[in-house]
Amino acid sequence: QAEPIGRPHRPSARGRRACAGRAGPAERCSRGAAEAVSIAAAKMNGRSVSLPDLVTEKRTNTCLSLSEGFAGARHEGSLAATAQNWCPRPGAGAPMVGQREAGIELERVLPVYYRTRQMALGTEKDGHRMPQKLVGELRALEKALARELRPLHPLFFQRFDDQQLDRLLRAMPFLRLSSGRWLFGSENLGAEWPATKGDRAFILLKGNIALYPDSQGAGERTDIYRGAVFGEKRFLLGDEGMRDCIAAAAHCEEACMVGVITTAALEAAYSDRAFGNARIAQSWRQVPELSSVCKSEQKLGTEQGTSAANWQKTTPDENQDKDSSGAVAHGLRDLSKVATTIHLRTGQELICNESLDESVLVVSKGALEVRGDITVTEKLDALPAKKVRIRIHVDRAENLAGDSIFDKLDPYCIVKMGENKKFQTPVLWNVGVNPKFEYNGVFTYQNEESIEFTVMDFDKYSADDLCGIGTITTAELYDGFKGAVKLFRPKRGIFKADDDLEPEFAGKVFIKVTWDYEKVSALSKVAKSKSWKDQELFMLGEQACWGHEHIMLQHLFMRTLEGAVNNMPYTLTLSNIRVLGATQKGGNPVVSCWKASKQRFVEFVKRTGREKPFLQACRISSLEKQTHLKTIVKRLIKKWEIEEETHKLRRGLLGGPSIEEAIDPSRFRIAYRGFKAHISVRSACNLTGGGLFDILDPYAILRFRNSKQPAFRTGVLQDAGADPVWDCGGEMLYNGETALEISVWDYETNSADDLLGTGVITVEQFCSGFEGMIPLALPGGKKKKTMKQMVIIIGIQWPPLEQTPSASQTWGTNPSNAITGGNGGTLVGFSNTR
């Protein structure tokens with residue numbers, strides 16, 4: 001039993017007239033409406049009665065009729081009161097400040113609407129004229145209830161305009177169920193609403209309901225809350241699903257309010273579609289994007305200004321044209337019957353059960369805007385190739401200092417770049433001041449600023465003497481170099497220190513320099529990327545269409561749009577594409593559009609028999625959209641480049657050297673697993689071992705640490721001595737090892753080979769490639785007697801990684817859905833299944 005609400009205090013008529021005279025027009029209107037609601041509530045709550053069972057009432061539908069009749073709906077206890085009483089009418093309590101709690105306002109409005117609607121029904125049944133105040137009061141409550149219902153389930157309520165929603169509320173039964181009741185299920189459960197012949201679904205307005213897959217209330221439990229649509233069968237509104245939950249039994253876990261969506265209620269809400277379908281079909285015929293399907297070729301030729309003489313040859317006969325027009329008319333009629341009308345507010349997103357790409361939208365009123373996220377990524381293969389290696393050919397030297405009559409020079413040249421990169425030519429014995437080295441060396445380039453050439457005179461029993469030092473900057477080697485580098489050495493004085501004297505000219509060394517270029521890879525550089533969220537892509541005015549290109553062209557449509565940056569060093573990615581109601585100039589907040597599913601639209605196009613002209617029209621419109629999108633992307637990229645330059649100016653890096661990003665060794669070990677490294681063993685210097693009568697016969701062995709693959713071994717150089725020059729190369733399989741181990745041996749014919757020295761280079765050193773010297777240590781931790789360090793000069797080069805293709809480049813056409821046209825191109829086929 002509902003607890004009666006006491007009659008509120010009403011001021012005298014004179015006091016009301018005095019207050020109305022002092023109040024403004026808006027305040028008087030609002031006060032009058034509130035007073036009317038208060039009077040109606042007082043009339044209904046003045047007697048202690050239970051809530052009316054609206055489901056038992058049946059009446060023919062009129063503008064204010066409240067027909068809730070449907071098969072099997074007569075149950076006396078369906079609206080029995082729960083332990084929790086109905087909330088009081090709106091405005092009965094203290095005024096609320098700020099945002100009301102979700103669901104509270106619905107609990108206030110729905111009971112008063114119940115009672116007001118029952119009063120109007122009783123007045124009609126008694127044959128009395130409906131009071132105008134009661135009509136206005138009922139209208140105001142319907143508007144308030146509709147405003148609270150729309151946010152509950154936007155997908156469902158976007159399919160109703162204000163008038164349709166009013167008719168739905170008048171025809172929809174509302175249930176108030178206590179905790180512990182079974183809404184539907186087996187008869188053994190005592191369900192309030194057993195299975196009926198008509199289709200129905202439920203929408204939960206308040207409370208918590210548990211759904212079970214078994215009609216006896218067994219199985220896995222699923223809890224649903226306010227705004228959920230559920231029932232025993234799949235609920236479809238036209239061709240659209242409403243994201244409903246399907247179950248065999250429903251149990252109220254707490255006091256609930258439930259609305260019953262029946263076939264009769266939907267028919268009453270959409271009663272205007274009987275006349276509106278013809279208008280929808282006529283509007284679809286006038287859509288410019290669909291003109292190649294909806295209009296005959298003769299009409300298209302006339303509208304495009306084509307002369308009648310030119311069209312006389314290609315126009316089909318009258319009977320064929322009539323048959324085609326009839327097919328279009330029937331197709332539009334069938335399409336209009338299943339098209340859904342969607343009503344949006346300004347800024348509200350259009351919500352669909354399926355993907356938006358599976359639908360066709362036609363704007364009927366107002367405007368829609370297509371928004372999405374734009375991501376621009378730098379193309380690494382579009383960047384200029386970078387310098388990775390520098391090859392230096394040391395040809396000869398002239399007029400070296402330090403020669404004498406009794407001791408001719410034994411020169412060698414040391415080339416050094418940076419702190420740790422250097423190589424050394426072999427020693428030339430007794431060649432004098434004009435040696436010919438003719439030696440090739442390679443360095444990996446990492447933005448070093450200069451290269452140093454040092455020519456030394458070898459002395460066997462003392463420290464080597466300096467012949468001269470010369471330096472050349474890498475800026476002078478922009479595109480290679482061939483010429484001489486001047487050498488200088490400190491001038492020797494008797495009475496002054498060497499540092500205070502000017503250096504003296506010590507000859508020249510002739511060199512040739514060339515560069516090795518390599519494309520930028522993902523390991524050496526991270527591609528820059530910039531995203532702009534929620535950008536306006538397209539504006540759709542009245543009679544504009546969206547979605548037909550994607551249905552006809554499939555993935556080619558997105559590839560066409562993302563091809564807006566084909567001539568730019570960037571790739572474009574469009575994501576999170578949404579459709580929203582656009583702001584209109586007249587201040588009208590309502591936007592309407594028609595929506596058809598992919599299956600229905602494809603059937604319509606196939607029925608008209610104009611697939612190829614429509615495909616061509618879709619290609620043309622896609623290119624037009626690409627041009628529009630290109631303008632937007634250019635503006636965003638320009639803004640991004642300005643921001644980058646401003647950031648560099650703030651950091652003081654404008655015009656400075658570019659900063660190379662180091663390769664991550666862990667990423668390198670994964671990316672190059674299974675690749676072959678090219679190994680070059682060039683020479684070694686200052687090897688220890690051998691004797692006066694046993695000159696060294698050295699060879700080198702290289703192996704990746706803990707690798708089971710065969711090692712790389714150089715040839716044996718007989719009687720090469722301490723400075724062998726191998727100049728040999730080969731390949732080694734790399735499987736993610738962390739180091740490369742090197743050992744140099746002296747070949748012995750009649751005994752085991754002697755180990756001369758060992759060296760190690762780690763993955764951090766060779767992941768970017770390596771060219772230079774590696775120190776060699778004596779075996780067993782022995783110390784070398786001389787001051788000269790044993791070194792071996794090697795090079796390691798890696799093949800470039802292939803660029804990973806973008807997502808748009810890897811998309812392919814499904815052969816089962818493609819048919820070949822007469823021009824040899826690929827056309828998108830149609831599928832009869834969704």
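Figures for the structure shown
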{"quantity": "Meets criteria (modelled with pLDDT under 90, open to solvent by 60 Å² or more (accessible area, probe 1.4 Å) and under 31 Å from the mean Cα position of the chain (by Cα)) for residue 624", "calculated": "no"}
{"quantity": "Within segment 704-716, tally of residues that are within 22 Å of residue 749 (Cβ to Cβ) and surrounded by fewer than 18 Cβ atoms within 10 Å (Cβ to Cβ)", "calculated": "4"}
{"quantity": "Filter result for residue 768 (open to solvent by 50 Å² or more (accessible area, probe 1.4 Å) and either within 21 Å of residue 415 (Cβ to Cβ) or acidic (Asp, Glu) (or both))", "calculated": "yes"}
{"quantity": "Residue that is nearest to residue 487 (Cα to Cα) [pool: residues in segment 427-455 that are open to solvent by 40 Å² or more (accessible area, probe 1.4 Å) and aromatic (Phe, Trp, Tyr)]", "calculated": "429"}
{"quantity": "Segment 465-498: number of residues that are at pLDDT 85 or above and not hydrophobic (A, V, I, L, M, F, W, C)", "calculated": "13"}
{"quantity": "Exclusive hit being out of contact with any helix residue (DSSP H, G or I) (no Cβ under 8 Å at 6 or more places or on another chain), of a type in the set (A, V, I, L, M) and under 23 Å from residue 170 (Cβ atoms), set 258, 229", "calculated": "258"}
{"quantity": "Filter result (assigned to a loop (DSSP other than H, G, I, E, B) and more than 18 Å from residue 555 (Cβ to Cβ)) within segment 350-375", "calculated": "350, 351, 352, 353, 366, 367"}
{"quantity": "Tabulated pairs, segment 200-213, first under 14 Å from residue 104 (Cα atoms), second acidic (Asp, Glu) and part of a loop (DSSP other than H, G, I, E, B), C-beta under 6 angstrom, 6+ apart or interchain", "calculated": "207/254"}
{"quantity": "Selection count, segment 426-458, where residues are in contact (Cβ under 8 Å) with a residue 40 or more places away in the chain and in a loop (DSSP other than H, G, I, E, B)", "calculated": "7"}
{"quantity": "1 or more residues under 15 Å from residue 231 (Cα atoms): qualifying helices (runs of 4 or more DSSP H) within segment 129-203", "calculated": "154-157"}
{"quantity": "Neighbours by Cβ (under 7 Å, 6+ apart or cross-chain): first from segment 533-551, in contact (Cβ under 8 Å) with a residue 24 or more places away in the chain; second hydroxyl-bearing (Ser, Thr, Tyr) and open to solvent by less than 10 Å² (accessible area, probe 1.4 Å)", "calculated": "547/359; 549/622"}
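The values are calculated or read from the model by the stated rules, or taken from the named source; none is laboratory data. Computed from a predicted model, the values in this text were never measured in an experiment. Every residue, glycine as well, gets a Cβ built from its backbone with ideal geometry; the counts of neighbours run over all protein chains shown. Remember, those area values only see protein heavy atoms, side chains included, never the ligands or the DNA or RNA. Shrake-Rupley method; radii C 1.70, N 1.55, O 1.52, S 1.80 Å.
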